[in-house]
Amino acid sequence: MALTGLEIFKLLPKTNCKKCGMPTCLAFAMALAQKRAKLDDCPDVSEEAKEKLAAAAAPPMRKVVFGTGDNEVQVGQETVVFRHEEKFYDPTVLAVTVSDKLTGQDLKKRIEAVNSLQFERVGTKIGVRAVAVINDSGSADSFAQACKAVKDESPLALIAVTESPDAMAAAAKQIKDGVPLLAGAKADTAEAMAKIAKENGCPLAACAESIDAVADLSEKIKAEGVEDIVLCLEGSNLQEKLYNLSRMRVLSLKKVFRPLGYPTISFVLEGDASQQVAAATSLICKYSSIVVVETVEPHAILPMLTLVSNIFTDPQKPVQVEPKVYPIGEPDENSPMMFTTNFSLTYYTVESDVEASRVPSYILVVDTEGTSVLTAYSGDKLNEKTVANAMTKHNAEGLVKHRKLIIPGYVAVMSGKLEEATNWEIMVGPRECSMLPKYLKEVWK
Ligand code: SF4
(Lines give C-alpha, C1' and ligand atoms only; values in the text may rest on other atoms or scores of the structure.)
Protein backbone atom coordinates (compact mmCIF):
# COMPACT_ATOMS: atom_id res chain seq x y z
CA MET A 1 0.00 0.00 0.00
CA ALA A 2 1.13 3.56 -0.63
CA LEU A 3 2.33 5.56 2.36
CA THR A 4 0.43 8.64 3.48
CA GLY A 5 2.05 12.07 3.57
CA LEU A 6 2.49 11.88 7.36
CA GLU A 7 4.04 8.41 7.20
CA ILE A 8 6.51 9.69 4.60
CA PHE A 9 7.22 12.78 6.72
CA LYS A 10 8.32 10.59 9.65
CA LEU A 11 11.06 9.09 7.44
CA LEU A 12 12.47 12.41 6.18
CA PRO A 13 15.40 14.30 7.85
CA LYS A 14 12.98 17.03 9.14
CA THR A 15 15.58 19.80 8.80
CA ASN A 16 13.43 21.95 6.51
CA CYS A 17 16.60 22.79 4.56
CA LYS A 18 14.62 23.54 1.35
CA LYS A 19 17.18 21.79 -0.92
CA CYS A 20 14.29 19.90 -2.52
CA GLY A 21 12.67 23.16 -3.59
CA MET A 22 9.87 22.81 -1.03
CA PRO A 23 9.53 25.14 1.98
CA THR A 24 9.38 22.29 4.52
CA CYS A 25 9.89 18.54 4.80
CA LEU A 26 6.14 18.20 5.42
CA ALA A 27 5.36 19.95 2.12
CA PHE A 28 7.81 17.62 0.36
CA ALA A 29 6.22 14.57 2.03
CA MET A 30 2.75 15.65 0.86
CA ALA A 31 4.04 16.26 -2.67
CA LEU A 32 5.72 12.85 -2.72
CA ALA A 33 2.54 11.13 -1.54
CA GLN A 34 0.64 12.80 -4.38
CA LYS A 35 3.34 11.87 -6.93
CA ARG A 36 4.15 15.54 -7.52
CA ALA A 37 7.77 15.14 -6.36
CA LYS A 38 10.58 12.61 -6.77
CA LEU A 39 12.40 11.08 -3.82
CA ASP A 40 15.72 11.97 -5.49
CA ASP A 41 14.89 15.65 -4.97
CA CYS A 42 15.83 15.28 -1.28
CA PRO A 43 19.62 14.75 -1.18
CA ASP A 44 19.68 14.02 2.56
CA VAL A 45 17.24 11.14 2.85
CA SER A 46 18.89 8.07 4.43
CA GLU A 47 19.36 4.75 2.63
CA GLU A 48 17.15 3.05 5.18
CA ALA A 49 14.37 5.57 4.61
CA LYS A 50 14.85 5.26 0.85
CA GLU A 51 14.03 1.58 0.98
CA LYS A 52 10.91 2.19 3.00
CA LEU A 53 9.85 5.02 0.74
CA ALA A 54 10.43 3.09 -2.47
CA ALA A 55 6.80 2.01 -2.64
CA ALA A 56 5.57 5.56 -2.21
CA ALA A 57 8.08 6.92 -4.71
CA ALA A 58 7.39 4.36 -7.46
CA PRO A 59 5.29 5.76 -10.31
CA PRO A 60 1.61 4.79 -10.00
CA MET A 61 1.62 3.38 -13.53
CA ARG A 62 4.59 1.34 -14.66
CA LYS A 63 6.42 2.25 -17.85
CA VAL A 64 6.52 -0.66 -20.29
CA VAL A 65 8.81 -0.66 -23.32
CA PHE A 66 8.74 -2.96 -26.34
CA GLY A 67 10.43 -2.91 -29.73
CA THR A 68 14.07 -1.88 -30.12
CA GLY A 69 16.14 0.95 -31.61
CA ASP A 70 14.14 3.37 -33.75
CA ASN A 71 10.99 1.25 -33.41
CA GLU A 72 11.04 1.15 -29.61
CA VAL A 73 7.79 2.33 -28.06
CA GLN A 74 6.98 3.04 -24.46
CA VAL A 75 3.60 3.12 -22.79
CA GLY A 76 2.38 3.75 -19.25
CA GLN A 77 3.93 6.12 -16.72
CA GLU A 78 0.86 8.36 -16.72
CA THR A 79 0.30 10.39 -13.57
CA VAL A 80 -3.07 12.10 -14.00
CA VAL A 81 -6.60 11.11 -14.94
CA PHE A 82 -7.36 14.34 -16.76
CA ARG A 83 -4.98 16.12 -19.09
CA HIS A 84 -5.69 19.57 -17.61
CA GLU A 85 -4.31 18.34 -14.24
CA GLU A 86 -0.83 18.24 -15.81
CA LYS A 87 -0.30 16.43 -19.12
CA PHE A 88 -0.34 12.93 -20.57
CA TYR A 89 3.07 11.42 -21.23
CA ASP A 90 3.16 8.43 -23.59
CA PRO A 91 0.95 8.78 -26.67
CA THR A 92 -1.38 5.86 -27.39
CA VAL A 93 0.35 3.38 -29.68
CA LEU A 94 -1.79 2.54 -32.70
CA ALA A 95 -1.13 -0.98 -34.00
CA VAL A 96 -2.55 -2.78 -37.05
CA THR A 97 -3.08 -6.52 -37.40
CA VAL A 98 -1.45 -9.02 -39.71
CA SER A 99 -3.10 -12.46 -39.78
CA ASP A 100 -0.85 -15.51 -39.70
CA LYS A 101 -3.20 -17.11 -42.24
CA LEU A 102 -1.53 -14.93 -44.86
CA THR A 103 1.48 -16.34 -46.67
CA GLY A 104 3.83 -15.40 -49.53
CA GLN A 105 2.90 -12.29 -51.51
CA ASP A 106 -0.31 -11.74 -49.55
CA LEU A 107 1.63 -11.55 -46.31
CA LYS A 108 4.24 -9.28 -47.88
CA LYS A 109 1.56 -6.94 -49.27
CA ARG A 110 -0.23 -6.71 -45.92
CA ILE A 111 3.03 -5.87 -44.12
CA GLU A 112 3.81 -3.21 -46.73
CA ALA A 113 0.31 -1.74 -46.33
CA VAL A 114 0.80 -1.46 -42.56
CA ASN A 115 4.31 0.00 -42.95
CA SER A 116 3.01 2.71 -45.27
CA LEU A 117 0.61 4.18 -42.69
CA GLN A 118 2.84 7.17 -41.90
CA PHE A 119 1.80 10.82 -42.26
CA GLU A 120 3.02 14.34 -41.61
CA ARG A 121 0.91 16.77 -39.60
CA VAL A 122 1.99 20.36 -38.81
CA GLY A 123 5.61 19.40 -39.30
CA THR A 124 5.40 16.32 -37.08
CA LYS A 125 5.60 12.74 -38.30
CA ILE A 126 2.75 10.58 -37.03
CA GLY A 127 2.00 6.97 -37.89
CA VAL A 128 1.15 3.44 -36.91
CA ARG A 129 3.83 2.28 -34.47
CA ALA A 130 3.30 -1.45 -34.10
CA VAL A 131 2.20 -4.55 -35.99
CA ALA A 132 0.05 -7.11 -34.16
CA VAL A 133 0.44 -10.59 -35.60
CA ILE A 134 -2.72 -12.60 -34.86
CA ASN A 135 -2.64 -16.38 -34.55
CA ASP A 136 -5.82 -16.91 -36.63
CA SER A 137 -4.44 -20.14 -38.09
CA GLY A 138 -4.21 -21.93 -34.75
CA SER A 139 -0.87 -23.31 -35.92
CA ALA A 140 2.28 -22.65 -33.91
CA ASP A 141 4.49 -22.93 -37.03
CA SER A 142 2.42 -20.49 -39.09
CA PHE A 143 2.37 -18.03 -36.21
CA ALA A 144 6.13 -18.21 -35.71
CA GLN A 145 6.72 -17.76 -39.47
CA ALA A 146 4.39 -14.78 -39.73
CA CYS A 147 5.99 -13.14 -36.68
CA LYS A 148 9.44 -13.69 -38.19
CA ALA A 149 8.32 -12.22 -41.54
CA VAL A 150 6.94 -9.11 -39.82
CA LYS A 151 10.10 -8.72 -37.77
CA ASP A 152 12.23 -8.94 -40.93
CA GLU A 153 10.10 -6.72 -43.16
CA SER A 154 8.64 -4.07 -40.89
CA PRO A 155 10.42 -1.24 -39.09
CA LEU A 156 7.61 -1.17 -36.52
CA ALA A 157 7.42 -2.71 -33.04
CA LEU A 158 5.82 -6.15 -32.83
CA ILE A 159 2.93 -7.53 -30.78
CA ALA A 160 2.52 -11.32 -30.89
CA VAL A 161 -1.12 -12.25 -30.21
CA THR A 162 -2.05 -15.83 -29.36
CA GLU A 163 -3.80 -17.72 -26.57
CA SER A 164 -1.59 -20.76 -27.11
CA PRO A 165 1.59 -21.04 -25.00
CA ASP A 166 3.03 -23.43 -27.64
CA ALA A 167 2.53 -20.90 -30.44
CA MET A 168 3.89 -18.10 -28.26
CA ALA A 169 6.98 -20.12 -27.37
CA ALA A 170 7.65 -20.91 -31.04
CA ALA A 171 7.23 -17.26 -32.09
CA ALA A 172 9.19 -15.78 -29.16
CA LYS A 173 12.19 -17.92 -30.09
CA GLN A 174 12.19 -16.31 -33.58
CA ILE A 175 11.60 -12.70 -32.61
CA LYS A 176 12.87 -12.20 -29.07
CA ASP A 177 15.72 -9.87 -30.06
CA GLY A 178 13.06 -7.44 -31.32
CA VAL A 179 11.55 -7.40 -27.78
CA PRO A 180 7.92 -7.94 -28.82
CA LEU A 181 4.93 -7.52 -26.54
CA LEU A 182 3.45 -10.97 -25.94
CA ALA A 183 -0.37 -10.94 -25.79
CA GLY A 184 -1.35 -12.66 -23.87
CA ALA A 185 -1.79 -14.64 -20.74
CA LYS A 186 -5.15 -15.78 -19.38
CA ALA A 187 -5.96 -17.28 -15.98
CA ASP A 188 -5.28 -20.84 -17.19
CA THR A 189 -2.11 -19.99 -19.15
CA ALA A 190 -0.59 -17.36 -16.85
CA GLU A 191 2.19 -19.58 -15.56
CA ALA A 192 3.27 -20.89 -18.98
CA MET A 193 3.05 -17.48 -20.65
CA ALA A 194 4.96 -15.79 -17.81
CA LYS A 195 7.70 -18.40 -18.21
CA ILE A 196 7.98 -17.61 -21.94
CA ALA A 197 8.01 -13.84 -21.29
CA LYS A 198 10.67 -14.20 -18.60
CA GLU A 199 12.90 -16.52 -20.62
CA ASN A 200 12.77 -14.23 -23.65
CA GLY A 201 12.89 -10.89 -21.80
CA CYS A 202 9.57 -9.65 -23.22
CA PRO A 203 6.65 -7.77 -21.66
CA LEU A 204 3.43 -9.74 -21.29
CA ALA A 205 -0.25 -8.77 -21.62
CA ALA A 206 -2.65 -10.08 -18.97
CA CYS A 207 -6.11 -10.67 -20.48
CA ALA A 208 -9.34 -11.11 -18.49
CA GLU A 209 -12.95 -9.99 -18.62
CA SER A 210 -13.31 -8.02 -15.40
CA ILE A 211 -11.26 -5.56 -13.37
CA ASP A 212 -10.95 -8.00 -10.47
CA ALA A 213 -9.82 -10.81 -12.76
CA VAL A 214 -7.27 -8.65 -14.56
CA ALA A 215 -5.88 -7.42 -11.21
CA ASP A 216 -5.58 -11.01 -9.92
CA LEU A 217 -3.88 -12.04 -13.14
CA SER A 218 -1.33 -9.22 -13.05
CA GLU A 219 -0.41 -10.19 -9.47
CA LYS A 220 -0.04 -13.82 -10.51
CA ILE A 221 2.22 -12.89 -13.45
CA LYS A 222 4.29 -10.58 -11.25
CA ALA A 223 4.72 -13.37 -8.73
CA GLU A 224 6.15 -15.47 -11.59
CA GLY A 225 8.87 -12.83 -12.04
CA VAL A 226 7.52 -10.73 -14.93
CA GLU A 227 7.59 -7.01 -14.09
CA ASP A 228 6.57 -5.50 -17.43
CA ILE A 229 2.87 -6.17 -17.76
CA VAL A 230 0.16 -4.70 -19.99
CA LEU A 231 -3.49 -5.13 -19.01
CA CYS A 232 -6.13 -6.26 -21.49
CA LEU A 233 -9.85 -6.10 -20.71
CA GLU A 234 -11.68 -8.59 -22.88
CA GLY A 235 -15.31 -8.46 -24.01
CA SER A 236 -16.94 -6.64 -26.90
CA ASN A 237 -19.30 -4.28 -25.07
CA LEU A 238 -17.66 -0.92 -25.73
CA GLN A 239 -19.65 1.01 -23.15
CA GLU A 240 -18.71 -1.43 -20.41
CA LYS A 241 -15.09 -1.47 -21.52
CA LEU A 242 -14.82 2.33 -21.45
CA TYR A 243 -16.40 2.42 -17.99
CA ASN A 244 -14.01 -0.22 -16.68
CA LEU A 245 -10.94 1.34 -18.30
CA SER A 246 -11.85 4.65 -16.63
CA ARG A 247 -12.25 2.92 -13.25
CA MET A 248 -8.90 1.19 -13.70
CA ARG A 249 -7.27 4.53 -14.48
CA VAL A 250 -8.68 6.09 -11.31
CA LEU A 251 -7.81 3.07 -9.15
CA SER A 252 -4.22 3.00 -10.43
CA LEU A 253 -3.50 6.72 -10.34
CA LYS A 254 -5.63 8.08 -7.50
CA LYS A 255 -5.70 5.06 -5.20
CA VAL A 256 -2.26 3.79 -6.28
CA PHE A 257 -3.64 0.25 -6.52
CA ARG A 258 -0.52 -1.53 -7.78
CA PRO A 259 -2.14 -4.58 -9.47
CA LEU A 260 -3.78 -2.13 -11.91
CA GLY A 261 -0.77 0.18 -12.21
CA TYR A 262 0.11 -0.86 -15.75
CA PRO A 263 -0.62 0.40 -19.27
CA THR A 264 -3.54 -1.15 -21.17
CA ILE A 265 -4.13 -2.68 -24.59
CA SER A 266 -7.47 -2.89 -26.47
CA PHE A 267 -8.37 -4.75 -29.65
CA VAL A 268 -10.84 -3.38 -32.22
CA LEU A 269 -11.07 -6.14 -34.79
CA GLU A 270 -14.74 -6.12 -35.77
CA GLY A 271 -16.81 -3.95 -38.08
CA ASP A 272 -15.92 -1.94 -41.15
CA ALA A 273 -13.33 0.83 -41.17
CA SER A 274 -15.80 3.48 -39.95
CA GLN A 275 -16.98 1.33 -37.06
CA GLN A 276 -13.39 0.63 -36.08
CA VAL A 277 -12.61 4.37 -36.12
CA ALA A 278 -15.60 5.04 -33.84
CA ALA A 279 -14.60 2.37 -31.31
CA ALA A 280 -10.86 3.07 -31.46
CA THR A 281 -11.25 6.81 -30.95
CA SER A 282 -13.33 6.17 -27.81
CA LEU A 283 -10.65 3.82 -26.51
CA ILE A 284 -7.92 6.35 -27.28
CA CYS A 285 -9.84 8.93 -25.24
CA LYS A 286 -10.49 6.55 -22.30
CA TYR A 287 -7.73 5.23 -21.71
CA SER A 288 -6.04 2.59 -23.82
CA SER A 289 -2.28 2.84 -24.02
CA ILE A 290 -2.25 0.58 -27.10
CA VAL A 291 -5.13 0.21 -29.57
CA VAL A 292 -4.98 -2.56 -32.17
CA VAL A 293 -7.18 -2.17 -35.27
CA GLU A 294 -7.68 -4.32 -38.33
CA THR A 295 -8.19 -1.66 -40.99
CA VAL A 296 -5.33 -0.43 -43.18
CA GLU A 297 -7.41 2.31 -44.81
CA PRO A 298 -5.38 5.54 -44.58
CA HIS A 299 -8.62 7.58 -44.31
CA ALA A 300 -9.49 5.57 -41.17
CA ILE A 301 -6.02 5.60 -39.62
CA LEU A 302 -5.34 9.35 -40.02
CA PRO A 303 -8.16 10.62 -37.75
CA MET A 304 -7.09 8.19 -35.02
CA LEU A 305 -3.50 9.41 -35.21
CA THR A 306 -4.63 13.03 -35.29
CA LEU A 307 -6.68 12.43 -32.14
CA VAL A 308 -3.68 10.85 -30.42
CA SER A 309 -1.43 13.78 -31.25
CA ASN A 310 -4.06 16.25 -30.03
CA ILE A 311 -4.70 14.47 -26.74
CA PHE A 312 -1.04 13.98 -25.99
CA THR A 313 0.02 17.54 -26.78
CA ASP A 314 1.20 19.23 -23.60
CA PRO A 315 -1.55 21.81 -22.91
CA GLN A 316 1.05 24.10 -21.34
CA LYS A 317 3.38 23.95 -24.33
CA PRO A 318 2.33 25.36 -27.69
CA VAL A 319 3.02 23.26 -30.78
CA GLN A 320 6.31 24.46 -32.20
CA VAL A 321 8.38 24.13 -35.34
CA GLU A 322 12.14 23.78 -35.27
CA PRO A 323 13.93 27.13 -35.26
CA LYS A 324 16.01 27.34 -38.47
CA VAL A 325 15.89 28.85 -41.97
CA TYR A 326 13.22 27.24 -44.17
CA PRO A 327 13.63 27.55 -47.95
CA ILE A 328 10.31 28.05 -49.72
CA GLY A 329 10.49 27.04 -53.39
CA GLU A 330 14.06 27.17 -54.66
CA PRO A 331 15.47 30.41 -53.28
CA ASP A 332 18.92 31.73 -54.24
CA GLU A 333 21.26 34.42 -52.99
CA ASN A 334 18.94 37.17 -54.29
CA SER A 335 15.77 35.83 -52.67
CA PRO A 336 13.95 37.63 -49.89
CA MET A 337 14.70 36.73 -46.28
CA MET A 338 12.03 37.27 -43.63
CA PHE A 339 11.49 36.10 -40.10
CA THR A 340 8.66 34.80 -38.01
CA THR A 341 8.34 32.90 -34.72
CA ASN A 342 8.35 29.15 -34.01
CA PHE A 343 4.67 28.96 -32.99
CA SER A 344 3.43 26.31 -35.44
CA LEU A 345 0.22 28.10 -36.33
CA THR A 346 2.11 31.32 -37.07
CA TYR A 347 4.80 29.57 -39.10
CA TYR A 348 2.45 27.50 -41.26
CA THR A 349 0.23 30.51 -41.97
CA VAL A 350 3.26 32.52 -43.12
CA GLU A 351 4.64 29.56 -45.07
CA SER A 352 1.42 29.03 -46.99
CA ASP A 353 1.16 32.73 -47.90
CA VAL A 354 4.78 32.82 -49.07
CA GLU A 355 4.16 29.67 -51.12
CA ALA A 356 1.09 31.32 -52.64
CA SER A 357 3.23 34.27 -53.76
CA ARG A 358 5.39 31.95 -55.90
CA VAL A 359 8.39 34.10 -54.96
CA PRO A 360 11.15 31.71 -53.77
CA SER A 361 12.08 32.93 -50.28
CA TYR A 362 13.78 32.13 -47.00
CA ILE A 363 11.85 32.16 -43.74
CA LEU A 364 14.01 32.46 -40.63
CA VAL A 365 12.19 30.93 -37.67
CA VAL A 366 13.18 32.54 -34.37
CA ASP A 367 12.83 30.50 -31.17
CA THR A 368 10.21 32.31 -29.07
CA GLU A 369 9.20 29.20 -27.07
CA GLY A 370 6.23 28.62 -29.32
CA THR A 371 4.59 32.01 -28.95
CA SER A 372 3.16 34.16 -31.74
CA VAL A 373 4.79 37.39 -32.97
CA LEU A 374 2.92 39.87 -30.77
CA THR A 375 2.90 37.63 -27.68
CA ALA A 376 6.62 36.99 -28.06
CA TYR A 377 7.35 40.69 -28.53
CA SER A 378 5.32 41.75 -25.50
CA GLY A 379 6.96 38.99 -23.41
CA ASP A 380 10.43 40.11 -24.60
CA LYS A 381 11.06 36.76 -26.28
CA LEU A 382 11.25 38.51 -29.63
CA ASN A 383 13.63 41.45 -29.69
CA GLU A 384 16.63 42.68 -31.68
CA LYS A 385 18.97 40.34 -29.79
CA THR A 386 16.94 37.14 -30.31
CA VAL A 387 16.53 37.92 -34.02
CA ALA A 388 20.22 38.82 -34.49
CA ASN A 389 21.28 35.67 -32.62
CA ALA A 390 18.99 33.51 -34.78
CA MET A 391 20.43 35.09 -37.94
CA THR A 392 23.95 34.24 -36.81
CA LYS A 393 23.08 30.77 -35.55
CA HIS A 394 21.28 29.77 -38.74
CA ASN A 395 23.74 31.47 -41.11
CA ALA A 396 21.38 33.98 -42.74
CA GLU A 397 24.39 35.91 -44.11
CA GLY A 398 25.67 32.85 -45.95
CA LEU A 399 22.37 32.28 -47.76
CA VAL A 400 21.81 35.68 -49.40
CA LYS A 401 24.19 38.29 -50.74
CA HIS A 402 21.86 41.25 -50.12
CA ARG A 403 21.46 42.48 -46.54
CA LYS A 404 17.73 43.07 -46.34
CA LEU A 405 15.43 41.51 -43.74
CA ILE A 406 11.64 41.64 -43.97
CA ILE A 407 10.03 41.83 -40.53
CA PRO A 408 6.36 41.34 -39.55
CA GLY A 409 4.43 44.63 -39.72
CA TYR A 410 3.18 44.13 -36.15
CA VAL A 411 6.70 44.62 -34.80
CA ALA A 412 7.68 47.57 -37.00
CA VAL A 413 8.73 49.26 -33.77
CA MET A 414 11.77 46.92 -33.66
CA SER A 415 13.20 48.30 -36.92
CA GLY A 416 15.70 50.82 -35.54
CA LYS A 417 17.25 48.58 -32.88
CA LEU A 418 17.28 45.59 -35.22
CA GLU A 419 19.08 47.59 -37.91
CA GLU A 420 21.74 48.56 -35.35
CA ALA A 421 22.07 44.99 -34.03
CA THR A 422 22.40 43.35 -37.46
CA ASN A 423 23.65 46.03 -39.87
CA TRP A 424 20.97 44.79 -42.25
CA GLU A 425 18.41 47.01 -43.94
CA ILE A 426 15.09 46.35 -42.24
CA MET A 427 12.02 46.26 -44.47
CA VAL A 428 8.69 46.38 -42.65
CA GLY A 429 6.37 43.78 -44.11
CA PRO A 430 2.57 43.71 -43.92
CA ARG A 431 0.79 43.33 -40.57
CA GLU A 432 -1.28 40.45 -41.94
CA CYS A 433 0.67 37.71 -43.69
CA SER A 434 -2.18 37.24 -46.14
CA MET A 435 -0.78 40.42 -47.73
CA LEU A 436 2.67 38.83 -48.20
CA PRO A 437 2.08 37.67 -51.81
CA LYS A 438 1.28 41.24 -52.88
CA TYR A 439 4.18 42.59 -50.80
CA LEU A 440 6.72 40.15 -52.22
CA LYS A 441 5.66 40.84 -55.78
CA GLU A 442 5.31 44.62 -55.54
CA VAL A 443 7.51 45.92 -52.72
CA TRP A 444 10.39 43.44 -52.48
CA LYS A 445 13.12 44.30 -54.90
FE1 SF4 B 1 13.38 18.19 4.06
FE2 SF4 B 1 14.92 16.85 2.34
FE3 SF4 B 1 13.43 18.88 1.49
FE4 SF4 B 1 15.53 19.34 3.07
S5 SF4 B 1 15.59 18.50 0.98
S6 SF4 B 1 13.46 20.24 3.21
S7 SF4 B 1 15.49 17.55 4.36
S8 SF4 B 1 12.70 16.99 2.32
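Numbers at a glance
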{"read-out": "Residue match in the range 222-238 (condition: over 22 Å from A58 (Cβ atoms), touching a strand residue (DSSP E or B) at 6+ places or on another chain (Cβ under 7 Å) and not in a strand (DSSP E or B))", "value": "yes"}
{"read-out": "Every residue from the range 400-434 that is in contact (Cβ under 8 Å) with a residue 60 or more places away in the chain and surrounded by fewer than 17 Cβ atoms within 10 Å (Cβ to Cβ)", "value": "K401, H402, K404, S434"}
{"read-out": "Filter result (more than 6 Å from the ligand (Cβ to nearest atom), open to solvent by 30 Å² or more (accessible area, probe 1.4 Å) and touching a helix residue (DSSP H, G or I) at 6+ places or on another chain (Cβ under 8 Å)) within the range 8-28", "value": "F9, L11, K14, G21, L26"}
{"read-out": "Options E234, E224: the member that is in contact (Cβ under 8 Å) with a residue 12 or more places away in the chain and over 22 Å from S282 (Cβ atoms)", "value": "E224"}
{"read-out": "Filter result (in contact (Cβ under 8 Å) with a residue 24 or more places away in the chain, surrounded by fewer than 20 Cβ atoms within 10 Å (Cβ to Cβ) and hydroxyl-bearing (S, T, Y)) within the range 336-356", "value": "S344, Y348, T349"}
{"read-out": "Residues of the range 143-185 satisfying the condition of being part of a loop (DSSP other than H, G, I, E, B) and either over 19 Å from V226 (Cβ atoms) or within 28 Å of the chain's Cα centre (by Cα) (or both)", "value": "S154, P155, L156, T162, V179, P180"}
{"read-out": "Checking A49 against (1) open to solvent by less than 60 Å² (accessible area, probe 1.4 Å); (2) within 29 Å of G201 (Cβ to Cβ); (3) without any contact (Cβ under 8 Å) to a residue 60 or more places away in the chain, the condition it does not meet", "value": "(2)"}
{"read-out": "Residue within the range 208-229 that is assigned by TED's automatic domain parsing to the domain that holds V292, within 24 Å of the chain's Cα centre (by Cα) and more than 22 Å from A54 (Cα to Cα) present", "value": "no"}
{"read-out": "Some residue of the range 167-189 being at pLDDT 95 or above, surrounded by fewer than 23 Cβ atoms within 10 Å (Cβ to Cβ), within 27 Å of S309 (Cβ to Cβ) and aliphatic (A, V, I, L, M)", "value": "yes"}
{"read-out": "From D40, D44, D70, residue being open to solvent by 60 Å² or more (accessible area, probe 1.4 Å) and within 9 Å of the ligand (Cβ to nearest atom)", "value": "D44"}
{"read-out": "Condition check for E219: of a type outside the set (K, R) and open to solvent by 80 Å² or more (accessible area, probe 1.4 Å)", "value": "yes"}
{"read-out": "Number of the exception - P263 against (1) at pLDDT 95 or above; (2) surrounded by fewer than 22 Cβ atoms within 10 Å (Cβ to Cβ); (3) assigned by TED's automatic domain parsing to the domain that holds K198", "value": "(2)"}
{"read-out": "Which listed residue, of D100, D152, D136, is modelled with pLDDT of 95 or more, touching a Phe, Trp or Tyr at 6+ places or on another chain (Cβ under 6 Å) and not small (G, A, S)", "value": "D100"}
{"read-out": "Answer from A31, A49 - the residue that is within 16 Å of the ligand (Cβ to nearest atom), over 26 Å from the mean Cα position of the chain (by Cα) and of a type in the set (G, A, S)", "value": "A49"}
{"read-out": "Residues of the range 332-354 satisfying the condition of being of a type in the set (D, E, K, R) and more than 18 Å from E120 (Cα to Cα)", "value": "D332, E333, D353"}
{"read-out": "Pairs, first under 13 Å from N71 (Cα atoms) in the range 126-142, second hydroxyl-bearing (S, T, Y) and in a loop (DSSP other than H, G, I, E, B), C-beta under 6 Å, six or more apart", "value": "V131/S154"}
{"read-out": "Qualifying residue in the range 54-64 (condition: within 9 Å of the ligand (Cβ to nearest atom) and of a type in the set (K, R))", "value": "no"}
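The values are calculated or read from the model by the stated rules, or taken from the named source; none is laboratory data. Predicted model only: the values in this text are computed from it and were never measured. Cβ: placed from backbone, ideal geometry, glycine included. Neighbour counts: every protein chain shown. Surface areas here come from the heavy atoms of the whole protein model, side chains and all, with no ligands, DNA or RNA. Shrake-Rupley method; radii C 1.70, N 1.55, O 1.52, S 1.80 Å.
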